[in-house]
Amino acid sequence: MALAYLLDGYNIVKRVPELAGKSLEAGRETLVQWIELYRPQGSAQNSVTIIFDGRPGMSGFPRSSNVKVLFTEEESADEKIKRMVNRAANPKAVVVVTNDKDIRLHVRPLGAKILTVEEFLAQFKRPPAAAARPRGMGKKEDEKYISETAQFKITSEFEALWLRKGSGDRKRSPGA
């Protein structure tokens, strides 16, 4: 049975020193990169959704094939997580990652599994020796990993620079 992991985004970001010391945007991006690389949810069949408090119009987070990122609008991330578990077809297949006592008390009677931030982080598996760690996770010489999120951002930036339509600019080849 595939599991659906619901992560209380800022609850995680604020409890992990490597993330808490960054801007909120950088903390969010690094969390997504870590999940893409280390796959703490285990099986590829298990989904991961990170819920962040947001405001109307907050968007622009790069897409990831492995991680869904939601920003709440008219409600808190806590309320969104509770509602998602309430509406789940099978709450026993939901794993909520948070240290928030109110969320834990709400979802436990529904049958959802609960992991503290520390328990979730303990599930991060070390990648094979040949694979490098994402930024902030290890030695500088090992920073060769580019997450799917970062790949998407880089591709978008290059498209904007190189595929300007109707600009009339001719690209010069190197050495021309």
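Values quoted throughout were computed directly from the atomic coordinates according to the rules given, and no laboratory measurement underlies them. Bear in mind the structure is a predicted one, so any value in this text is a computation, not a measurement. All Cβ positions, even for glycine, are placed from backbone atoms using ideal geometry, and neighbour counts span all protein chains on display.
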Place a point 7 Å from the Cα of Lys68 in the direction of its beta carbon; the residues of segment 14-36 whose amide N falls under 18 Å from it are 32-33, 35-36
Rounded to the nearest 0.05, what FRET efficiency is calculated for Asp102 and Ala20 with R0 set to 25 Å and r the Cβ-Cβ distance? 0.75
Given H placed 1.01 Å from N in the peptide plane, which residues other than close sequence neighbours of Tyr5 have an amide H under 5 Å from its amide H? Ser47, Val48, Thr49, Val95
Computed FRET efficiency, Cβ-Cβ of Met1 and Ala44, R0 22 Å: what is it to the nearest 0.05? 0.95
